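A.B. asks: Shown below is the structure under consideration.
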Amino acid sequence: MKNGIVAIHKPEGISSARVVAQVKKALGVKKVGHTGTLDPFATGLLLCGINQGTRISRFFLEGHKRYITRIRLGVETDTYDLTGKPVFTAPLEAMQALREKDVEAVIKSFVGLQDQVAPAYSALKHEGQPLYKLARQGKIIQKPARRIEIFDIRILEIALPNVDIEVFCSAGTYIRSLGFDIGRQLGCGAHLSQLCRTQSSSFLLETAISLDAFKALDKTAAEERILPLSGCLEFMPKMMADPVVAQKVRFGQKLYREDFGCQSENQEPFIRVTDNNNVLLAIVEPGVGDEEYNYSCVFTT
């Protein structure tokens, strides 16, 4: 049974949950999950955890993301994207008064740490229900603002009323909210008309396979697209376990720094433990006393 991550290039017009169902069917496995929702209108990189790969999803959920998006100035929608109902349209004179240099300045002002309010139509939950389901019932719930960071925004093209940008940001950033906020600050309103995720943690879109191409593979070829667990986490420092220590891991026995010798100097929050064949055995965290490690995840082999 293979465990790991498959990088799928999600097409437009399908939910992330539906992509997961189709990947599950193509592989014939019991357990598949994604590592961060893409809206149905969005395209791009969707990482699917396979079998025990679902257990490392949280390490990608907290990773940096990169997107390319088109912002349509002049019209606000209730969902902040092209699928929603228009709720505000800027007067013609307001649109004619827009200058490219002002648009550039406003967009660049969003680089840095900030508090962002998620759209009412989002997958965040309120009392166990996704906000988008409540919103469709007419129950608009506004969640508290969350601290996010936009590391960089690159303006690709301004062809008013459309603005194409590339955004590099922290986990939890809503690009729909960014587009909405840019429109509000310009005084003309805005929504997203296109959105594509091009990076998630260390994964890039160019390494992904289209959903249709993946479904067309036979089972053996599809399994070959699964990146093994340890290879998925190469951004995480590694300690190699000798056969004795590997056996301790398999039995869930306490691990100490002396078990790993000079490898144990790393103080990162999470460290992967592999055997000498680079098979992932566990993810550990430094313990309170700095002489031991606590298990975060243990993987059966």
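A.B. asks: Which value, in debye to the nearest 20, gives the size of the charge dipole of the chain about its Cα centre, when Lys and Arg are +1 and Asp and Glu are -1 at the Cβ?
C.D. replies: 1220 debye
A.B. asks: Determine the alpha carbon to alpha carbon distance for each of K85/K215; K24/K85; K215/K238; K30/K219; K31/K238 and list only those over 22 Å.
C.D. replies: From K85/K215; K24/K85; K215/K238; K30/K219; K31/K238, over 22 Å: K85/K215; K24/K85; K215/K238; K31/K238.
A.B. asks: Restricting to the chain, compute how many DSSP beta bridges are antiparallel as a %, nearest 5.
C.D. replies: Counting DSSP beta bridges with both partners in the chain, the antiparallel share is about 90 percent.
A.B. asks: Classify region 236-298 from the C-alpha gyration tensor, please: rounded if a/c falls under 1.5, else prolate or oblate depending on whether a/b exceeds b/c.
C.D. replies: The shape class here is rounded.
A.B. asks: To make sure I understand the rule: partners must be aspartates and glutamates, Cα under 16 Å from the Cα of K10, and not fewer than 8 residues away in the same chain. Which ones qualify?
C.D. replies: Within reach: D39, E206, D212.
A.B. asks: For an R0 of 35 angstrom, estimate the FRET efficiency from the Cβ-Cβ distance between K108 and K238 and round to the nearest 0.05.
C.D. replies: Once rounded, the FRET efficiency stands at 0.35.
A.B. asks: Separate question: Can you bin the chain into rounded, prolate or oblate? Criterion: square roots of the alpha carbon gyration tensor eigenvalues sorted a ≥ b ≥ c, rounded for a/c under 1.5, prolate for a/b above b/c, oblate for the rest.
C.D. replies: Prolate, because a/c is 1.5 or more and a/b exceeds b/c.
A.B. asks: Something else now. Classify region 156-285 from the C-alpha gyration tensor, please: rounded if a/c falls under 1.5, else prolate or oblate depending on whether a/b exceeds b/c.
C.D. replies: oblate
A.B. asks: Now a separate question. Of L195, L211, I283, which is farthest along the charge dipole of the chain in the positive direction, counting Lys and Arg as +1 and Asp and Glu as -1 at C-beta?
C.D. replies: The residue sitting most towards the positive pole is L211.
Since every read-out is calculated from the coordinates, none of them should be taken as a lab result. Everything numeric here is computed off the predicted structure, so don't read it as measured data. Every residue, glycine as well, gets a Cβ built from its backbone with ideal geometry; the counts of neighbours run over all protein chains shown.
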